[in-house]
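Reviewing the structure listed below.
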Amino acid sequence: MNKKFYFLPLIFVLCAALTSAVLGVAGIKLHRAGYWKKAGKGSVKCLLCPRACLIRSGKRGFCQSRINKGGVLYSLTYGRPVVAAMDPIEKKPFFHVTPGEQVLSIATAGCNMRCIFCQNWRISQTPPDEAPSMKMSPREVVEAARKKGSRWIVYTYTEPTIFYEYMFDICREAKKAGLKNAMHSCGYINPEPLKKLLKYMDAVNIDLKGFNEDFYRKMGSLAEIEAVLETLKIIKKSGVWLEITNLIIPGQNDSPGDIKRMCEWIKKEMGQDVPLHFSRFYPAYRLKNLPPTPAETLKSARAIALEAGLNYVYIGNAPEIAAENTLCPGCGRTLVRRIGYKVISNRIKDGKCPFCGRKIAGQWKIDEKKQPVKQPEQPVREGALQ
Ligand code: SF4
């Protein structure tokens, strides 16, 4: 028998293995992940987030978004957004970053937390290969932003950490095109990948879900709060613009003592100019038995934060309270007036209060000279979002 025929079955097996590794799961093209190491007997250890999942061959990590195929870790989310939609930047929420700007929001399926109160659980808690998604390369995402005239790409809705490689590549493409990057994250990421990412980030909003380890565990987030606090410190040190969101859930993380400790920690470690957004909880996912956060609880949290010395404290998802305006910490005048996500007026001039001249922390303008020219209008492919 000709020698080459001995090799045919071997070649077939190798090709099948390669095809399976590349096409992977449910036809999804796998993308080799970063931040992992071999852990023996075909297992790998993921080093992207503090969960440090030990993943056996053929299995996935806690987030369902990273799979071990033949001793190599792959991302299931690369190039597969479930949302690509235009939103006001206030929705992220960013209140001290180019007010009134329309931005391109991107998300894939998956999350490295399992919060039972998740407001976007339909996409965050669905494995990427089970969620209807689009195909968009990093370059196509940037093109979509340019065509829509968006000067920002915001990684949001689900947890951007679990599409780290995709986000990172989009960030680099965006920078080349003169665009800015921002993310809204739970902050559960290891320092090394975070620091590398921050080089391309212009603004970050971190969910500080509570100031209590028990709350993080009990609510299914199953995360160590210390790691989230460490993330906040790294962002602060990097100089990237930071805002913080705290969703207040009745009877769960609304203790005035915890809120006071959280605000004092923010002032001490982050400084009094970091905007804090208290957000109203609405019954969702596996926490439908609780009522929405009462207005009185939200107002009292804001009073505690102001008393602790924070300069910019907002209340979201509760328009009747009208605590969405930016006030000058110097003279108390209203500088940016908002109703919901809509900016009604913005009086900030050159980053300062026009009445008393006090500097107002934030990124109020983008250098227009560095921005891309707006392209002819074409629809962005939009994914469904609850
Ligand atoms: S990113 Fe996913 S796989 Fe990696 S450690 Fe975190 S939960 Fe585990």
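The values are calculated or read from the model by the stated rules, or taken from the named source; none is laboratory data. Please read all numbers here as calculations on a predicted model, not as lab measurements. Cβ sites come from the backbone with ideal geometry, for glycine too, and all protein chains shown count toward neighbours.
Answer yes or no: is there a residue in the stretch 184-191 that is of a type in the set (Phe, Trp, Tyr), more than 16 Å from the ligand (Cβ to nearest atom) and within 28 Å of PHE278 (Cβ to Cβ).
Checked against the condition, which is being of a type in the set (Phe, Trp, Tyr), more than 16 Å from the ligand (Cβ to nearest atom) and within 28 Å of PHE278 (Cβ to Cβ), the stretch 184-191 yields no hits at all.
Just the residues that are touching a residue at least 60 places away in the same chain (Cβ under 8 Å), touching a helix residue (DSSP H, G or I) at 6+ places or on another chain (Cβ under 9 Å) and either more than 16 Å from the ligand (Cβ to nearest atom) or over 14 Å from THR156 (Cα atoms) (or both), please, taken from the stretch 117-133.
Within the stretch 117-133, just PRO128 meets the criteria.
Looking at the stretch 198-224, which of its residues are within 16 Å of the ligand (Cβ to nearest atom) and in contact with a helix residue (DSSP H, G or I) (Cβ under 6 Å, 6 or more places away or on another chain)?
Answer for the stretch 198-224, where residues must be within 16 Å of the ligand (Cβ to nearest atom) and in contact with a helix residue (DSSP H, G or I) (Cβ under 6 Å, 6 or more places away or on another chain): TYR216, ALA223.
Of (1) out of contact with any Asp or Glu (no Cβ under 7 Å at 6 or more places or on another chain); (2) over 27 Å from GLN119 (Cβ atoms); (3) modelled with pLDDT of 90 or more, LYS374 satisfies all except one. Which?
(3)
Looking at ALA303, is it in contact (Cβ under 8 Å) with a residue 12 or more places away in the chain, in the same structural domain as LEU232 (by TED's automatic domain parsing) and within 22 Å of PHE215 (Cβ to Cβ)?
So ALA303 fails the test.
Please find, within the stretch 154-206, the residue that is farthest from VAL103 (Cα to Cα) out of those that are touching a residue at least 40 places away in the same chain (Cβ under 8 Å) and of a type in the set (Val, Ile, Thr).
Within the stretch 154-206, the match that is farthest from VAL103 (Cα to Cα) is ILE189.
Regarding PRO138, is this residue within 16 Å of SER75 (Cβ to Cβ), within 15 Å of the ligand (Cβ to nearest atom) and surrounded by fewer than 24 Cβ atoms within 10 Å (Cβ to Cβ)?
It is false that PRO138 is within 16 Å of SER75 (Cβ to Cβ), within 15 Å of the ligand (Cβ to nearest atom) and surrounded by fewer than 24 Cβ atoms within 10 Å (Cβ to Cβ).
Just checking, which of GLY187, GLY149, GLY178 is in contact with a helix residue (DSSP H, G or I) (Cβ under 8 Å, 6 or more places away or on another chain), surrounded by fewer than 24 Cβ atoms within 10 Å (Cβ to Cβ) and not assigned by TED's automatic domain parsing to the domain that holds LYS45?
GLY178
Of the residues GLY79, GLY40, GLY110, GLY61, which single one is away from the ligand (no atom under 16 Å from the Cβ), of a type outside the set (D, E, K, R), farther than 30 Å from ALA323 by Cβ and crowded, with 22+ Cβ neighbours inside 10 Å?
Step by step, each of GLY79, GLY40, GLY110, GLY61 is checked, and only GLY79 is away from the ligand (no atom under 16 Å from the Cβ), of a type outside the set (D, E, K, R), farther than 30 Å from ALA323 by Cβ and crowded, with 22+ Cβ neighbours inside 10 Å.
If we keep just the residues of the stretch 275-315 that are in contact with a Leu (Cβ under 6 Å, 6 or more places away or on another chain) and over 17 Å from CYS115 (Cα atoms), which is surrounded by the most Cβ atoms within 10 Å (Cβ to Cβ)?
Only one residue tops the list, namely PHE278.
Take GLY100 and decide whether it is under 30 Å from CYS353 (Cα atoms), over 18 Å from the mean Cα position of the chain (by Cα) and part of a loop (DSSP other than H, G, I, E, B).
yes
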